[in-house]
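Values quoted throughout were computed directly from the atomic coordinates according to the rules given, and no laboratory measurement underlies them. Keep in mind that this is a model prediction, so the values were computed, not measured. We place every Cβ from the backbone using ideal geometry, glycine too, and count neighbours over all the protein chains shown.
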Amino acid sequence: MSGDIRRAFTTKYTGKGLQLINRIVIHPPRQFSEIQFDKIAVNAIWDTGATHSCISSRLAKQLKLIPNSKRTTNTAGGLKTSDVYTIDIQLPNRVIMPSVMVAEIDLIDSVDALIGMDIIGEGDFAVNSYEGITSFSFRLPSCHTVDYANTENKRNEKKLSSTEKQKKKAKRKQANKSRKKNRK
């Protein structure tokens with residue numbers, strides 16, 4: 001599946017991004033036919049510091065969701081006990097994460113969902129800021145470990161071995177010159 005690009009997406013910004021935000025679609029959970037509402041596209045912030053995914057209080061009210069439990073969430077403002085709802089979340093790669101238990105929290109005005117580690121941890125997630133342009137990528141399922149330190153070490157080893165080869169070549173050349181000189 002590693003070549004299946006339909007399971008991956010990349011969100012790019014025009015400059016440096018301080019928040020990782022893109023569009024997702026909230027669906028009623030297929031598993032619970034009694035929960036009905038029209039699917040809706042919303043802005044979602046991706047937060048590796050959040051254990052669970054969440055939705056905004058205004059979205060919960062708009063969709064007239066009925067809570068199925070409560071959860072105590074540790075937010076920037078401290079501990080908060082919130083209602084929990086079950087929804088399906090469609091990611092930008094069109095993959096639907098079924099029956100996600102989301103707590104209701106207060107989010108910034110332009111965002112109605114927060115994608116936490118319960119979803120991020122299911123795949124591979126990378127953030128880049130190459131040449132001052134922020135982008136982030138996500139793919140499902142996880143395909144392999146990305147280890148930038150190991151990659152950099154291998155690159156440095158290749159450079160070093162290339163430099164060593166050049167040094168050895170130069171020494172051989174010098175030795176050949178010396179032998180030719182001594183023959184004369």
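The distance between label points at ASN128 and LYS177 comes to 4.4 nm (points 7 Å beyond Cα on the Cα→Cβ vector). Panel order for SER135, SER56, by other beta carbons found within 10 Å of each beta carbon, from fewest to most: SER135, SER56. Between GLN36 and VAL111, the C-beta separation translates, for a Förster distance of 25 Å, into a calculated FRET efficiency of about 0.55. Summarising the label geometry, the points placed 7 Å from Cα in the beta-carbon direction at GLU164 and VAL146 lie 3.1 nm from one another. Per-residue extension of 0.36 nm, minus the Cα-Cα distance of ILE96 and ASN74, leaves a gain of 5.3 nm for this segment. Where the centroid of each part is defined by its Cα atoms, how far is region 25-48 from region 51-95 in Å? The distance from the Cα centre of region 25-48 to that of region 51-95 comes to 10 Å. Once the convex hull of all Cα atoms in region 23-104 is built, its volume per residue stands at 95 Å³.
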